[in-house]
Amino acid sequence: MNRNHRYRRLGSAAALVAAIGSAHAATLAVTDTAGRPLATAKVREVAAVPTALDTSDNGYPAPGQVRRVDPEITRFTDAAGRATWADRNAPVIYHVRKPGYRDASISIAAGSAEASVALEPETDALKLAEAKPANVWLGALDLGDAARKRHFMLQCAFCHQQGNAFLRRERTPQEWSDAISRMVRYGARLATEDQRALPEMLAAGWRHLREHPDLLATPAPWDPALAATTTITEWAIGDAMSQTHDQLLGLDGKVYVADNIQDRLYRIDPQTNEVTLFKIPHRDGDVPGGLLSARLKDFPRHDSSSNAHSLAQSAKDGHIFITPSAQQRLVEFDPATGAFELHEMGAGFYPHTIRIDAKDRVWFTLALSNQIAMFDRATKRFTLHDLPTRGWREWLTVTLIRPIFKLMSWGLPLANWLPVDRIATGTPLPYGIDITPDGSVWFARLHTDEIGRIDPATGAMTMIATPFAGPRRLRSDGEGNLWIGAFPESAIARYDPKTGAFTRYDLPVVPKGSDTPYALNVDKKRGIVWVTGNQSDALHALDIKTQTWRSVPLPRRVAFTRDIEIAEDGTVYTSTSNFPSWHVEDAQPTMIRVQTTAAR
């Protein structure tokens, strides 16, 4: 946990700093040790003396108090090896990274206009391998057969990466078995047969790759066009004990991010760098961890009885609705006053992804009770739509899900006792949801390989099998087509409701099939689908018309992202959302803004 965002140096560099010219801009020149310019180096500028953070409320800022966060700005060097920033009139540090070279950091005094840094080539084969993103390691991992590998990616990569330095380190089979048991308690539905087989395979598989780094693929190179098109800005929010889950670009231009583990809501103003924190209220009688108290019983520090998850905003009055996955309620927040209202459902289990339709009705998935919920704001009443089950065993599990978790909260390890198959019988898991322009409600069920439609006028329901595994989150484009993440298949798909046709698009990663797209969103104005590459430390963008991809590497390693918001001008927002957050580089979660001139 590092609140000053110190850089973890992986190598040394020769650096020469010279202050010349105007103080209105600062330029960094990046070369190799022979003085040749290095293009497409990733350079992150941070304040050398960051503004002190308020930690008065259990390590977090006091609620309702506006504070300033120093942004971190990442750019890429051009063909001349140069990148430029507006002068902060304060000392800064540049953190420089380029594949094939050792990382470097350089401090610049206030008012300096130009500096240079020379990167040393990395010659150590293992260090070169360690610098590759997690997807390269995951893609090379041998788990015996393709079906087990896909199941592993589906069940063991939805809260954090697989293949990053923390996960691929030396562990005994028993340590892997203990970790798997803990993950099953957290909610992974890893099949019983794989719970038994994987500890030996993971211990041996990661060791084999560490000992034979030549088996790792070379990841796709960073696009030289990034220098002219892309600026990435980050604002630090939360800490190593946070889980900044989803975010919402508000009608007021501010970004709202929910901290799932600490029941806090951050409001970030990208124009002023001002951040305000709000605490989601707990009711008397709410226990730590809420209805899922056993899940977090050994987590080092949390302040959650709601587990704030997903957000949506009413176009009518600007109120924001938040799903609290550990309660049978819906949270309403008024950004104008900072007031919260809690709406009790009295039924359903695990409120998940949320959207609001044109009639100001709030729709969300209930992941563990296999339902879709609708909250009518006019009547303040909930309607629950039951989804079909896959037989009597699943019906029984879904029906008893509330008492099952109650018994688990008393300390009975039912999650580890009950047998699990590879199709996760008992937890069909309705997940993503969206509203198409015609008002239809569409959703995805992760474990049944289906999407579904609800007619909001009649409640009639249609289920449609997907030709791919693990449909996770989905979004509608302007024409009513659905774009869906095929999570364990490193792909996305378009579904045309008019023809019933699916079209598949594999993510542009090397090796093929090694990423896990958690979420996506559609820039309707420009016809671009933005996808989270949460194993590859990147965002991927598909141009629908040309069917071509481009990728934006994110500033930090282990940048696990879960959601994407898109502004009217094409600016993209996401946040690092690792669980746990200490996996991310610097152990610091951030809200991320990606500005690309190509999108405008």
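The values are calculated or read from the model by the stated rules, or taken from the named source; none is laboratory data. Quick caveat: nothing in here was measured; it's all calculated off a predicted structure. We place every Cβ from the backbone using ideal geometry, glycine too, and count neighbours over all the protein chains shown. We work out accessible area using only protein heavy atoms, side chains counted, and drop any ligands, DNA or RNA first. Shrake-Rupley method; radii C 1.70, N 1.55, O 1.52, S 1.80 Å.
Listed cross-link partners 149/498; 279/545; 149/297; 132/279; 279/406 are compared with a 32 Å cut-off, the Cα-Cα value being larger for 149/498; 279/545; 132/279.
Write down the accessible area per residue of the stretch 460-552 in Å², having rolled a 1.4 Å probe over the full set of protein chains.
Values: 3090 Å² over 93 residues.
Using a 1.4 Å probe on heavy atoms only, each residue of the stretch 460-552 averages 33 Å².
The helix-based estimate of mean residue ellipticity at 222 nm for the chain, built from -39,500 (n - 2.57) per DSSP H run of four or more residues and divided by its residue count, is -4000 deg cm²/dmol to the nearest 500.
All other residues with a Cβ under 11 Å from the Cβ of residue 508 taken together, and with Lys, Arg as +1 and Asp, Glu as -1, what is their net charge?
Numbers: positive: 512, 550; negative: 223, 506, 515.
Within the 11 Å Cβ shell, the charges total -1.
Heavy-atom accessible area with a 1.4 Å probe sorts 330, 249, largest first, into 249, 330. Work through the residues other than residue 318 whose Cβ is under 12 Å from its Cβ and net out their charges, Lys, Arg +1 and Asp, Glu -1. Once all neighbours under 12 Å are counted, the net charge is -3. Each label point was placed 7 Å from the Cα along the Cα-to-Cβ direction; for residue 215 and residue 465 their separation is 3.5 nm.
When the stretch 152-301 is described by a simple charge dipole with +1 on each Lys and Arg Cβ and -1 on each Asp and Glu Cβ, the residue from 266, 238, 180 located farthest towards its positive end is 180. Other residues lying with their Cβ under 15 Å from the Cβ of residue 134 contribute a combined charge of +3, Lys and Arg counting +1, Asp and Glu -1. Annotation: residue 302 carries an accessible surface of approximately 50 Å², with a 1.4 Å probe and no ligand, DNA or RNA atoms counted. In terms of packing, defined here as the mean over residues of other Cβ atoms within 10 angstrom, the peptides 356-368, 482-494, 372-384, 288-300 line up highest first as 482-494, 356-368, 288-300, 372-384. Averaging the Cα positions of each part gives two centres, and for the stretch 162-226 and the stretch 341-384 these lie 37 Å apart.
Based on the Cβ-Cβ distance from residue 568 to residue 186, what FRET efficiency comes out when R0 is 30 Å, to the nearest 0.05?
Numbers: r = 38 Å, r/R0 = 1.25.
FRET efficiency, residue 568 to residue 186: 0.20.
On full extension, the segment bounded by residue 51 and residue 126 gains 23.3 nm, given 0.36 nm per residue less the C-alpha separation. Given R₀ = 30 Å, what would the calculated FRET efficiency be for residue 380 paired with residue 455, taking r from the Cβ atoms and rounding to 0.05? The calculated FRET efficiency here is 0.85. For the chain, the longest principal axis of the alpha carbon atoms and the long axis of helix 173-186 meet at an angle near 60°. In terms of its alpha-carbon gyration tensor, the chain comes out prolate; a/c meets the 1.5 threshold, and the first ratio a/b outweighs b/c.
Could you tell me which of rounded, prolate or oblate describes the stretch 268-404, using a ≥ b ≥ c as the square roots of the eigenvalues of the alpha-carbon gyration tensor, with rounded for a/c under 1.5 and, failing that, prolate when a/b is larger than b/c and oblate otherwise? Judged from the Cα gyration tensor, the stretch 268-404 comes out oblate (a/c at least 1.5, b/c at or above a/b). Peptides 193-201, 540-548, ordered by how many other C-beta atoms sit within 10 Å of their residues on average, highest first, read 193-201, 540-548.
Quick one: pull the percent of accessible area on the chain belonging to carbon and sulfur, 1.4 Å probe, ligands and nucleic acids left out.
Values: 12150 of 22770 Å².
Carbon-and-sulfur percentage of accessible area, whole number: 53.
Rounded, prolate or oblate: which fits the stretch 159-282 when a ≥ b ≥ c are the square roots of the eigenvalues of the alpha-carbon gyration tensor, with rounded for a/c under 1.5 and prolate only if a/b beats b/c? Note, shape of the stretch 159-282 comes out oblate. Ordering 54-63, 152-161 by mean Cβ neighbour count within 10 Å, with the highest value first, yields 152-161, 54-63.
One chain, two ends: residue 223 and residue 33. Fully extended at 0.36 nm per residue, the span grows by 66.1 nm beyond their Cα-Cα distance.
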